[in-house]
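The values are calculated or read from the model by the stated rules, or taken from the named source; none is laboratory data. Here the structure is a predicted model, which is why all the values come from computation and not from measurement. Backbone-built Cβ (ideal geometry, glycine too); neighbour counts: all protein chains shown.
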Amino acid sequence: MAKFTVNIAPEVCKGCELCISVCPKQVIEVSKSINARGYSPADAVRIEDCVGCTSCALVCPDGAIEIFKEDE
Ligand code: SF4
Ligand code: SF4
């Protein structure tokens, strides 16, 4: 099965959690850290479960997420 990389730019994220709500695999959670703008950014914690649907990247209002398919 294909593997995917989920890159979330922590300094771009504003912690709106939209990506968390649309992910069908619960890959993303709120980070315990706080970024320079005072938000707790989203973090891809179960990256091995990602199915590459790109819903999170499409819904993010700030374009903070990129999905890459890894070479097999
Ligand atoms: S690409 Fe789909 S499965 Fe992967 S983290 Fe984003 S919403 Fe979840
Ligand atoms: S949708 Fe974008 S801005 Fe909102 S929590 Fe997710 S990565 Fe951050």
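Among the residues of region 3-26, write down those that are within 11 Å of ligand 1 (Cβ to nearest atom) and either among the aliphatic types (A, V, I, L, M) or assigned to a strand (DSSP E or B) (or both).
Scanning region 3-26 gives Phe4, Thr5, Val6, Asn7, Ile8, Leu18, Ile20, Val22.
Considering Glu48, Glu29, which residue is within 14 Å of ligand 1 (Cβ to nearest atom), among the charged types (D, E, K, R), more than 11 Å from Ile65 (Cβ to Cβ) and surrounded by 13 or more Cβ atoms within 10 Å (Cβ to Cβ)?
Only one candidate qualifies: Glu29.
Among what's in region 32-45 and is surrounded by 13 or more Cβ atoms within 10 Å (Cβ to Cβ) and of a type outside the set (Gly, Ala, Ser), pick the residue that is farthest from ligand 2 (Cβ to nearest atom).
That would be Val45.
Go through Glu17, Glu66 for me and flag whichever is under 11 Å from the mean Cα position of the chain (by Cα), within 9 Å of ligand 2 (Cβ to nearest atom) and of a type in the set (D, E, K, R).
Testing whether each residue is under 11 Å from the mean Cα position of the chain (by Cα), within 9 Å of ligand 2 (Cβ to nearest atom) and of a type in the set (D, E, K, R) leaves just Glu17.
Show the residue pairs that are 6+ apart or on different chains and have beta-carbon atoms under 8 Å apart, the first residue being within region 1-24 and acidic (Asp, Glu), the second being modelled with pLDDT of 95 or more and within 10 Å of ligand 1 (Cβ to nearest atom).
What qualifies is Glu17/Ala42.
Filter region 25-48 down to the residues that are more than 12 Å from the chain's Cα centre (by Cα) and within 19 Å of Met1 (Cα to Cα) and list them by number.
Glu48
Within the set of pairs 6+ apart or on separate chains, which have a first residue in region 49-72 that is closer than 11 Å to Val12 by Cβ, a second that is in a loop (DSSP other than H, G, I, E, B) and near ligand 1 (Cβ under 7 Å from one of its atoms), and C-beta atoms under 9 Å apart?
Going by the 9 Å Cβ cut-off, the qualifying pairs are Ile65/Thr54.
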